[in-house]
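**Q** One structure, as structure tokens, below. Some questions next.
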Amino acid sequence: SFNAEIKTDFDHSIGKINVVPQDIGRIILNLVNNSFYAVNERAKLKAAGYEPFVIVSTKRKENKVEIMVKDNGSGMPEAIKEKIFQPFFTTKPAGQGTGLGLSLTYHIVKAHGGEIKVETREGEGSEFVIQLPVV
């Protein structure tokens, strides 16, 4: 077990967008689970003053809606960042990850006409940003 602060910042002016709610729910659940894993891995290092957090936010930008999941976990090396959306690629030890989560996330976002981007710094955390069109 571990403790992490989860922060939310939702833009209530977004209104309704045309998506499959179950698919978007799976995406957010996958990204939040990955963030919890990353902050837990970093917490195991027992660095002084480390306070794990995960932020989930939404905002409207012109004709798009952004969903952002950010953490201050372990982050990823640049070489791994290029591979994370490939099927069967995982950063987790054998038996702890299927390697399908981010690949499926990528394909669901694309099927909705959107984009997914990641910014990460090894040892500092990651930020996934999904942009979906407003129809």
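**Q** Scan segment 80-103 and tell me whether some residue there is surrounded by 17 or more Cβ atoms within 10 Å (Cβ to Cβ), at pLDDT 90 or above and not in a loop (DSSP other than H, G, I, E, B).
**A** yes
**Q** It is to be established whether one or more residues within segment 38-58 are open to solvent by 80 Å² or more (accessible area, probe 1.4 Å) and either closer than 19 Å to V118 by Cβ or under 11 Å from the mean Cα position of the chain (by Cα) (or both).
**A** no
**Q** Could you tell me which numbered condition R26 fails, if it satisfies all but one of (1) open to solvent by less than 80 Å² (accessible area, probe 1.4 Å); (2) assigned to a helix (DSSP H, G or I); (3) touching a residue at least 40 places away in the same chain (Cβ under 8 Å)?
**A** Looking at each condition in turn, R26 falls short on (1).
**Q** If N18 satisfies every condition in (1) in a loop (DSSP other than H, G, I, E, B); (2) of a type outside the set (V, I, T); (3) open to solvent by 60 Å² or more (accessible area, probe 1.4 Å); (4) farther than 13 Å from L132 by Cβ but one, which is the exception?
**A** (4)
**Q** Output the residues belonging to segment 107-118 that are surrounded by 14 or more Cβ atoms within 10 Å (Cβ to Cβ) and not in a helix (DSSP H, G or I).
**A** Those that are surrounded by 14 or more Cβ atoms within 10 Å (Cβ to Cβ) and not in a helix (DSSP H, G or I): H112, G114, E115, I116, V118.
The values are calculated or read from the model by the stated rules, or taken from the named source; none is laboratory data. All values derive from a computational prediction rather than experimental measurement. For neighbour counting, all protein chains shown are included, and Cβ atoms are generated from backbone atoms with ideal geometry for every residue, glycine included. Remember, those area values only see protein heavy atoms, side chains included, never the ligands or the DNA or RNA. Shrake-Rupley method; radii C 1.70, N 1.55, O 1.52, S 1.80 Å.
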